Amino acid sequence: MSDNITARQALIMWCLLGRHGWAFQRDILPEVDRKDREALVAAGYITSTMINRTLLLKVEDRGWHWASTHLEAKLPPAMVVLQNWLGRLHDFLARSGGTLADFVGPAPETPPEPATRKPRARVRKPVPPKPPKPPRPLSPTALRKRIEVAYLLVTGGRKAEQALLSELRLKLADVNRDALDAGLLRILQGDKEGKKKARLGQLNDSKALTQSVREAAFSPGGEPYHLLWIQS
């Protein structure tokens, strides 16, 4: 395309320059034809960008150069008033030595181009983990063996030594309290012949009766006991 663009295309240029060099196509009157817009884009006078489903037209450097040297370019006959004003502007800039860009002034910032959307990755819903199966309850024999092992750990491997029930319970933290109490009761009840192999005791020292000691107490008859002895 030569610098002698059509009168209608020149009018589009002046509409954009009157808006500091850019405008949405929907805001330009008269309406911009696709043929005229594409011709100006092909010539490098303007760029056309789709923003939020609306075309943004912007005058580029080549378009500014054309405008500064074609203030007297022919416009449609109905635009005689604009034609006359552009002529006066041409004369003013020629006398003052100013430029069209100085006259138009700095343009407001153009809207940002929308970022290219990447395809959204398919997010799989996390599958909640299956709740762990509750441990199988210990048999009376297995529970007794664990109680005796925990007792020796508390007493340093010695039988007939007192052991705090609070420390014993810590060693058997994975055992249900009711099950553990039932196991302690069976040990206290003795063997088949009724021979006692364990006994309970109480702490009388108020300083030694800490909260954890009180909470770990075993109360088979309603009275709390804090110590355990296993004889053999």
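Brief remarks on what is shown
- Complete set of residues in segment 129-167 that are under 49 Å from the mean Cα position of the chain (by Cα) and either surrounded by fewer than 10 Cβ atoms within 10 Å (Cβ to Cβ) or assigned to a loop (DSSP other than H, G, I, E, B) (or both): Pro129, Lys130, Pro131, Pro132, Lys133, Pro134, Pro135, Arg136, Pro137, Leu138
- Condition check for Arg37: free of Cβ contacts under 8 Å to residues at least 24 places away in the same chain, closer than 15 Å to Leu55 by Cβ and basic (Lys, Arg): no
- Checklist (1) under 18 Å from Tyr225 (Cβ atoms); (2) in contact (Cβ under 8 Å) with a residue 12 or more places away in the chain applied to Arg177, failing item: (2)
- Checked against (1) assigned to a helix (DSSP H, G or I); (2) farther than 21 Å from Arg8 by Cβ, Gly98 passes all but a single condition, namely (1).
- Residue list for segment 80-93, filter: farther than 12 Å from Met13 by Cβ and not aromatic (Phe, Trp, Tyr): Val80, Val81, Gln83, Asn84, Gly87, Arg88, Leu89, His90, Asp91, Leu93
- Ala216 fulfils the conditions (1) modelled with pLDDT under 90; (2) of a type outside the set (Asp, Glu); (3) under 22 Å from Val149 (Cα atoms) except for a single criterion, (1).
- The set of residues in segment 154-173 being among the small types (Gly, Ala, Ser) and closer than 13 Å to Phe218 by Cβ consists of Ala163, Ser166.
- Assessment of segment 81-91 against the conditions (acidic (Asp, Glu) and either in the same structural domain as Arg53 (by TED's automatic domain parsing) or at pLDDT below 90 (or both)) yields at least one matching residue.
The values are calculated or read from the model by the stated rules, or taken from the named source; none is laboratory data. Only a predicted model underlies this, so the values are computations on that prediction, with no experimental measurement involved. Because the Cβ atoms are built from the backbone with ideal geometry, glycine has one as well, and the counts that use them run over all protein chains shown.
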